[in-house]
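Structure first, commentary second.
Read the figures in this text as sums done on the coordinates, not as results from a lab. What you see is a predicted model, and the numbers here were worked out from it, not measured in a lab. Reconstructed Cβ throughout: ideal geometry from the backbone, glycine too, with neighbour counts over all protein chains shown.
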Amino acid sequence: MEILDILEQKVCELVETVNELRRKNEELLIMLKEKEEEAQGLRREMDHLLGEKEKVRQKVAHLIRCVEAL
């Protein structure tokens, strides 16, 4: 009977470990989704800033052409 008790204990420990790993997996999936959303937001911000940079570059180029025309 002792062997069955040991086996039962091992199975219970295994079930606890599996449940713990599932919880951890869910937490990690949530964290991954949050980081993906953050990265997407940063990409949008970077695209916006690159657009602003291009506008400034064009304005500076225009001002340089105006000064050169004088």
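Can you give the FRET efficiency to the nearest 0.05 for THR17 and ARG43, using r as the Cβ-Cβ distance and R₀ = 30 Å?
The pair THR17/ARG43 has a calculated efficiency of 0.20.
I'm spelling it out carefully: the read-out is volume of the Cα convex hull per residue in Å³, the candidates are (i) 90; (ii) 73; (iii) 53, and one was derived from this structure. Which label?
(iii)
Given the rule -39500 (n - 2.57) for each run of at least 4 DSSP H residues, summed and divided by the residues of the chain, what is its mean residue ellipticity at 222 nm, to the nearest 500 deg cm²/dmol?
-37000 deg cm²/dmol
Compute the long axis of helix 2-69 from its Cα atoms, compare it with the longest principal axis of the Cα atoms of the chain, and write down the angle in degrees, 0 to 90, nearest 10.
Result, in degrees: 0.
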